[in-house]
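Okay, so here's the structure we're looking at.
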Amino acid sequence: MDRREQGLLRTDPVPEEGEDVAATISATETLSEEEQEELRRELAKVEEEIQTLSQVLAAKEKYLAEIKRKLGINSLQELKQNIAKGWQDVTATSAYKKTSETLSQAGQKASAAFSSVGSVITKKLEDVKNSPTFKSFEEKVENLKSKVGGTKPAGGDFGEVLNSTANASAGAPEPLPEQMQANP
């Protein structure tokens, strides 16, 4: 192996772009004029290859844009396709599937909980309606209705009693029994 090939196989750090090459060569390592000239030629060759590749890439990008224009693909359509593809990729992940499954189960449990709460509330309202206190209140409202309205017999449901009482209040006030006796 010649010295150039050995240099390529060394594990010394390679300078990054913009980094001073001279700073990376140790003071004890010196290059002969011939080696320096060879490196300069190699450097020029690599820079020329980079320039060529940049030109080829620019030409390919221009050609790509022309093909898209001919196909009628614009930036908005491309964005839509990228978003759709991205969403498809997300929904295919196991994390998404697990999360979706967990949320579905949580929704089912919440629905069952709301249903049972609704049943409990309905039962409690039925209990209140059947309680002695409510029955007593209902009877008092019916008595009041018969005194105020006087035309319908006592009975009916609570809603009817409230409606008729409200209607009687909204109409012309009827004289109270004491007033009727005072004005013969």
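Rule-based calculations on the coordinates, nothing more; no lab input. Being a predicted model, the structure only gives us computed values, none of them experimental.
Starting from 0.36 nm per residue, how many nanometres of slack lie between Ala84 and Ser146 once their C-alpha separation is accounted for?
Between Ala84 and Ser146, full extension yields 15.2 nm more.
Could you work out how much longer the chain between Glu38 and Ser111 gets when fully extended? Use 0.36 nm per residue separation minus the Cα distance between them, nm to one decimal.
Gain in length upon complete extension: 18.4 nm.
When the Karplus curve 6.51 cos²θ - 1.76 cosθ + 1.60 is applied with θ = phi - 60°, which whole-Hz ³J(HN,Hα) does each residue of region 108-120 get, with x for Gly and Pro?
5, 5, 5, 4, 5, 5, 5, 5, 5, 5, x, 5, 5
Rounded, prolate or oblate, given the Cα gyration tensor of region 78-148, with a/c below 1.5 counting as rounded?
Taking the square roots of the gyration eigenvalues as a ≥ b ≥ c, region 78-148 is oblate.
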